[in-house]
Structure formats: structure tokens, C-alpha cells
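Every number here is computed from the coordinates shown, using simple stated rules; none is lab data. Quick caveat, the model's predicted, so the values are computed rather than measured. All Cβ positions, glycine included, derive from the backbone under ideal geometry; neighbour counts span all protein chains shown.
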């Protein structure tokens, strides 16, 4: 499963290109798992800490449909897309994640925590409020959160699921990877749990498969998502120019 044929270096990031089940198995091994969408890939040129997190991740998932389409056209390749939503669904199906104390969640706020936790408990997961941490508003640059490190050092969860926004969660995940001694699997899956719990707009399986999640999000909140996904088009010249090389910082 770790055969080099299942990896591609795109913009300097080593992406795994196996199927969804294989991707989850890889992610459960430990280390930092990132699911970079197109706007985050563009941030590599603008933010040093985001760049470091992506380049030093243990597993990068091919969530960006735009990246996959462009890469396959430019390289005459045939890599597949594995979405963060699909990854989350399969991850939560693993019996290992239903063992008490195995998973620790980092949530973006109390409201999201309550909704996500309620949905998880309805699905038969044993998570409680004690298995969750509400992230403070982290500033730009490198993240430091000694209170979170203290909690994780005591609990030693095998899996940490970071469910906060892209551009922040990767920096936090990298900080956790570098400052935890027991090497948990750190899954930076962002809004994926929210799509399932109702905290975010519902994305049906068919829409996710046909890479239309961005469109449904734009319909749900155009003022928020249209500018974001409009900016994602900057990935086209970036990938055309740098391909497998990490683009330099501005």
C-alpha cells in the first residue's frame, strides 16, 4: 500500500493516490494528515507556517478536485480524488475509533461542538464532552497552545481529529505533531464532520463524487464562499508553472 507508485509530489507536497480505504489505513498509522483544498495550496506562497505544515505532513489527501483535474491534464496522469468527506465517513466506520479514550476532537466553537457531538452519539460513538476541546482564536504564524498539549499529554489519544477551518488546522496539526511524544494520528479534516452533523450545508454522496461540494457551499452562503472559490482559480497558473516543485514564497 505504501508503494511509491501510489504517491505523487505536487507543489512539493507528497500526495497519496491510493483509493479511499487505503488512504484511511495510511492515515491511521500516525502523524499529520492534511486535506488541502485549492485555497490552502495557494496559501503556500503567502504563509510560511502553512507551507511548513503541508510540506512536513505525513499524509496529504487528494481532496482538491481542481488540483486533480489540472494534474491529470498537465501530466497525462490518472490520479484519483479522495475527498475529505469520504475520508471522514470511512474513518468513523473503523471499530478502533469506537473505543473510549481513543479519539480526541478539536472543535471550532461550543455550538459546533454540541451539534457534532450530538450527531456522533446518535451514530453510536462513545464520545463525551471530555473528549473535545474548543480551539481559541489562533493568530497568524506559528501556533502555541500549551493548555492543549497538557491535555493531550495526559490523555494520549491514538487519534486527534481537528475540525476547525483550513489554514488554521494545518498549522495546529503541525504544532501537535512536533510537540506530542506518543505520535497520534492527527486528522485535519475541517468541515467534514459538519457536513454529516448538519453544522454545514449537506453534501450528498453524488455531489461529492462529482466534485460539486464547492458549488453547494457557494449556494448556501455566496458572500462567504464565492470569493473563496474564485480565489481558488489562482491554482491554475501556480500548478502550470511549478507542477511538482514547491512554489517560492512571495
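Summary of computed values
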quantity: Relative contact order for the chain, counting Cα pairs under 8 Å that sit 6 or more residues apart, in percent; calculated: 28 percent
quantity: Which label in (1) 67, 43, 32; (2) 69, 58, 31; (3) 47, 37, 37 gives the computed Cα extents along the principal axes in Å; calculated: (3)
quantity: On Cα atoms only, tilt of 146-155 relative to the major axis of the chain in degrees; calculated: 60 degrees
quantity: Cα gyration tensor shape of the range 23-67, rounded if a/c is under 1.5, else prolate or oblate by comparing a/b with b/c; calculated: oblate
quantity: Using alpha-carbon coordinates, inclination of helix 110-122 to the longest axis of the chain, degrees; calculated: 80 degrees
quantity: Crossing angle, helix 222-231 versus the chain [Cα axis fit, 0-90 degrees, rounded to tens]; calculated: 50 degrees
quantity: Order of 92, 249 - criterion: other Cβ atoms within 10 Å of each residue's Cβ, fewest first; calculated: 249, 92
quantity: Additional length obtainable on full extension of the chain from residue 183 to residue 154, 0.36 nm per residue less Cα span; calculated: 9.1 nm
quantity: Of all DSSP beta bridges in the range 3-91, antiparallel share, percent nearest 5; calculated: 50 percent
quantity: Beta bridges per DSSP with both ends in the range 10-242, % antiparallel, nearest 5; calculated: 5 percent
quantity: Peptides ranked, highest mean first, by Cβ atoms within 10 Å: ranges 27-40, 156-169; calculated: 27-40, 156-169
quantity: Theoretical FRET efficiency, 1/(1+(r/R0)^6), r = Cβ-Cβ of residue 114 and residue 93, R0 22 Å, to 0.05; calculated: 0.40
quantity: Cα centroid separation, the range 149-197 to the range 51-87 (Å); calculated: 20 Å
quantity: Sequence of 134, 144, 103 once ranked by neighbouring C-beta atoms within 10 Å, starting from the fewest; calculated: 144, 134, 103
quantity: Calculated P(r) of the range 6-48 - Cα pairs past 15 Å, %; calculated: 50 percent
